[in-house]
Each structure stands twice: as C-alpha cells, then as structure tokens.
Amino acid sequence: MDAETPQLGRASAAFALGAAIACVFNTALAWAKDAYAPLNNFMASLTGHHWITHGLADCIVFVGLGVIFMKTPAANKIGPNRLVSILIWAVVGASLGLFAWYLFL
Amino acid sequence: MNITNGDIILLGHAAFGSLAGMAALWIFVETLNARQETAGRTFKAALIAAIAMGAAWMLGGYWYVHFYPADKAIILKGPWPFAHDLVMETKEHLVFITGILAFYLPIAVRDKIYANAAARKMVLSVAMLVVLTSLAAEGFGAIVSHGVTVALQRGNGKGAR
C-alpha cells in the first residue's frame, strides 16, 4: 500500500462540492416551484413537464459547478473531512427539507 | 396474462433502482477492504451504480410523466391521499439527490482509495447515502403503490382510471 495521502483528488473534491450544492439547489427549486405556480408552468413549458426540467437543471448544476470547481482552487481549499461533512449534511438537510415541506405545507 | 408497457417500465424502474442500491453497497464493502488490486473492480461497481441509477431515473421519469396521472387520480380519491401529497411528492424529488450521488461515485472512486484515507471516507459516505436514499425511494414507491391498492379495494378510487 502507498503512503497515506490526506487530500482528495481535484475532480473528486470539485464534484463533491458540486454535488452538495446541487442537492440543496434541488430542494430549493422544489420548494420554489411548489410555492410559485408560474415557475412550475414555465419549467413545464421548457421540456413538456416540470419534473424533466427539474432533473435537467439539477444535472446542469452538478456538472457545471463540478467543472468550474475543477478549474478553480475553491474545492481543494476545503479540507477533505470538512468536504465530506458538507456533502453529508447537504444530503440530509435537503432530504429532510423535502419531506418536511410536503408534510407541513 | 396481460402485461402492459406501463407495467414493464414501472418494474424496470424499481429493478434498476434496486440494482443501483446494491452496487452502492458493493462499493461500500469494497472500500472497507480497499486494495490496489481491487480498484478496477470498485470502479466497475461505481459505473454499474451510475448507469443503473440513470436507467432507473429515465424509466421512472417516463412512467411518472405518462402513466402516473391515472394512479394519482385514484390515490387522491382514496383513503390514503398522503401517498401522493407527501410520499410521491417527496420521492419524485428525492431521487434526484440519489441520482446526483450515484453519478458522483465513479468520480470519487477514481482517487486511490486504497492509499488515501480521505478518499475512502468520501466514497464510504457517498455509497452509504446512495444505499439509504435508494432504500427510502423503494419504500416510498411501495407506499404509493399501496395508496392505489387501498383506494381500489375500498371503492373510493372507482371511476378515476
């Protein structure tokens, strides 16, 4: 086994941060289109269904931010343990945020 | 026997979703025992997870757009309207999170996880999140399906289809 290295690879760190932001964006967009019908209608008009537009928007955010973060030092400036925590809490928060929104509203 | 395209698409969606969850569990176990000689196998498992999740996503999306409106009408007239209002509404957005994580897995496992504790921690975390969220999605799907069943069994969903 090689000597232990403490840093994530450039792509791994960049897309981890992109994934965390995309997960939060996903929940925020779900809230927004549920609360504001014109946005839902606009999203539906783009692809024929709001859900399809929503999925494409998530993918664009994930891939787009991943590529941007690969070209900048932003993700690598964050320590790997902190990046893992950010991603976990983004996923947990975004998931519970979805459930709570539809439970209470 | 009468198996429709809608049946095949829905069951394919659940099957590919389960396959993606199992591949993520496979990645988790491989990462716990990461060695240089198993790196290729772990990457293949990550590709399987990502491709299966993509297939589950597309099949589920096609079924949701084209077939679900009839089931939704039945559910909302039945005794379990929360199967749509809460469970399906959450599921249809939660699966995007599962998908993003599954698509990230092949990128994460490209790091030398056998030599990099930080990379191992990241892969273990993401793989487990995929397992847990895909299990939640499977359970939510079962509740939605049962929402249709109880509506039809108790008569309130008659005429909705």
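With 27 Å as the limit, write out which pairs from A:77/B:112; A:33/B:77; B:91/B:112 have Cα-Cα distances beyond it, or answer none. The answer is B:91/B:112.
The C-alpha atoms of chain B define a longest principal axis, and helix B:5-32 lies at about 30 degrees to it.
Comparing A:17, A:39, A:83 in a Gaussian network model of chain A where C-alpha atoms under 10 Å apart are linked, the largest mean-square fluctuation is found at A:39. Two tests apply to each whole DSSP H helix in chain A, Cα reach of 30 Å or more along its axis and mean Kyte-Doolittle hydropathy of at least 1.6, and none passes both. Applying the Kirkwood pairwise sum to the alpha-carbon positions of the protein assembly as shown produces a hydrodynamic radius of 19.2 angstrom. Here chain B is treated with +1 on each Lys and Arg Cβ and -1 on each Asp and Glu Cβ, and its dipole about the Cα centre works out to around 120 debye.
Mean partner shielding of peptide A:18-28, defined as the number of other chain Cβ atoms within 10 Å of each residue Cβ, is 4.
Which value in deg cm²/dmol, rounded to the nearest 500, describes the helix-derived mean residue ellipticity at 222 nm for chain B, given -39,500 (n - 2.57) per DSSP H run of n ≥ 4 and division by the residue count? After summing the helix terms and dividing by residue count, I get -27000 deg cm²/dmol.
Other protein chain C-beta atoms within 10 Å of residue C-beta, averaged over B:65-72: 1. Axis angle, to the nearest 10 degrees, between helix B:117-153 and the longest C-alpha principal axis of chain B: 10 degrees.
Each reported figure results from applying straightforward, stated rules to the coordinates on display, with no laboratory input. For clarity, every value in this text was computed on a predicted model and none was experimentally measured. Glycine also receives a Cβ, built like all others from the backbone with ideal geometry; neighbour counts cover every protein chain displayed.
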